[in-house]
1. Criterion first (crowded, with 21+ Cβ neighbours inside 10 Å, in contact with a helix residue (DSSP H, G or I) (Cβ under 7 Å, 6 or more places away or on another chain) and within 30 Å of K315 (Cα to Cα)) does L14 satisfy it?
2. Quick check on this structure: which one of A48, A44 is among the small types (G, A, S), buried (at least 22 other Cβ atoms within 10 Å of the Cβ) and either modelled with pLDDT of 95 or more or assigned by TED's automatic domain parsing to the domain that holds A326 (or both)?
3. Can you give me the ranges of the helices (runs of 4 or more DSSP H) entirely in segment 1-110 with at least 1 residues that are touching a strand residue (DSSP E or B) at 6+ places or on another chain (Cβ under 6 Å) and not charged (D, E, K, R)?
4. Name every residue in segment 217-241 that is in a helix (DSSP H, G or I), touching a Lys or Arg at 6+ places or on another chain (Cβ under 8 Å) and of a type in the set (D, E), in order of residue number.
5. Please tell me if K65 is touching a Cys at 6+ places or on another chain (Cβ under 7 Å), assigned by TED's automatic domain parsing to the domain that holds N33, in contact (Cβ under 8 Å) with a residue 24 or more places away in the chain and charged (D, E, K, R).
6. Could you list, ordered by first residue, the pairs with Cβ atoms under 6 Å in which the first is in segment 206-235 and in the same structural domain as A196 (by TED's automatic domain parsing) and the second is in a loop (DSSP other than H, G, I, E, B) and among the hydroxyl-bearing types (S, T, Y), at least 6 apart or interchain?
7. Determine which member of the set K315, K303 is crowded, with 16+ Cβ neighbours inside 10 Å and among the basic types (K, R).
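The values are calculated or read from the model by the stated rules, or taken from the named source; none is laboratory data. Model, not experiment: these values are computed from the prediction. Positions of Cβ are generated from backbone atoms using ideal geometry, with glycine treated the same way; all protein chains shown enter the neighbour counts.
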Amino acid sequence: MLFFIGLSIYFLLLLWMALGFIAHKKYLFSNNNLETNVSIIVCARNEALNIKKCLTSIINQKYNKAHYEILLVNDASTDNTLKIAEEILKNSNCNYQIISNESHIGKKKSIVKAIECAKFNLIVTRDADTFTNSENWLHVLVNFYIDSKSEFIICPVLIMPQNNLLNALQETESFVLNIFTMASVFHKTPFLCSGANLAFTKNLFKETGAYTNHLKIESGDDVFFLEDVKKTRPNTITYLKNKNAVVFTLPQNKFKALLQQKARWAGKLRHSKNPLNWLVALVIIGVNAFFVSCILSVIFSPKQWFFPLIFIISKLLIDILLVFLASRFIKLKTSLFLTILAAMFYPIYALIVAVSLLFMKPNWKLE
């Protein structure tokens, strides 16, 4: 009975999210010559391996360079991040500012610092380890800002596909998170967003207190800001559903680095007061724990294989369909074999991560 209750709750949650994802209309944009000014903020700490690709993908946008500026905040990097960034920006023909922190102050305070220096009202934040494959990323974002009149725009962030199991696990997770994010906005219950690809106005930022309610919490420049906006102007929150708006980030190639990343993300949940965050987390962890227990039951109690096996197959089918639903929107070619393998191993991975986070302290790029 518990198997069916768990599966039913999981199925209803994912059905609710999938329906919201499907019902959310794709945004179609025109190639108008736009004159809206934009300030793009990139915070970087020890991103020497990634900063070139990030900045180059911004510089190569088909958007009039006279109408946007790049603000790079170097948060006391100990590698060549600053040197590489300076060289790229110097030869870019873009308007730019470089802000160097003498000591590490973290992402939130770095963003506050950059917004104080920003010349324009429309702000876009990008992480230093992100890049876009589309030269229309900024164009579609600004078009959507004009058409929707929204002052808080959530944009998609995905893991760039790689051909191994660890990367497939992260790719699967990013697909599901994007479905949840988009669907929750459609259902007027937004609870997720990513500062790696987020647009908002300086006016809204100041109106909501400029992070003052949670500045002492190192993580959460995105989700806690979202909660602030929900309290003041919830109707201004939108999601930009367009494949050109996607930014990619490379997966973590080492499990230890992945755990550190998850610890930073989990730091947001520990301080979250939104019950939907906790509900979704508990349902997912609970169902994954059920999945693992079902596998053990099939192995060690083969005479009672029927119900556990039904649960295993049902969950695998739901997860695989969800991944392909998201991949069709982005039009990424996903490996069926790796998708099935990731769906099988994801519950074990999720439980290992959940247990590990109990003993890990989140930090932001301390190395």
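1. yes
2. None of the other options fit; the residue is A44.
3. 51-59, 81-90
4. If the condition is that a residue be in a helix (DSSP H, G or I), touching a Lys or Arg at 6+ places or on another chain (Cβ under 8 Å) and of a type in the set (D, E), then E227 is the only one that fits.
5. Answer is yes for this residue.
6. D222/S194; D228/T208; V229/T208; T232/T208
7. The unique qualifying residue is K315.
Residue-by-condition table, conditions (1) in contact with a helix residue (DSSP H, G or I) (Cβ under 8 Å, 6 or more places away or on another chain); (2) modelled with pLDDT under 95; (3) closer than 29 Å to T212 by Cα:
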position	(1), (2), (3)
I84	yes, no, no
L89	yes, no, no
K108	no, yes, yes
P161	yes, yes, no
L177	no, yes, yes
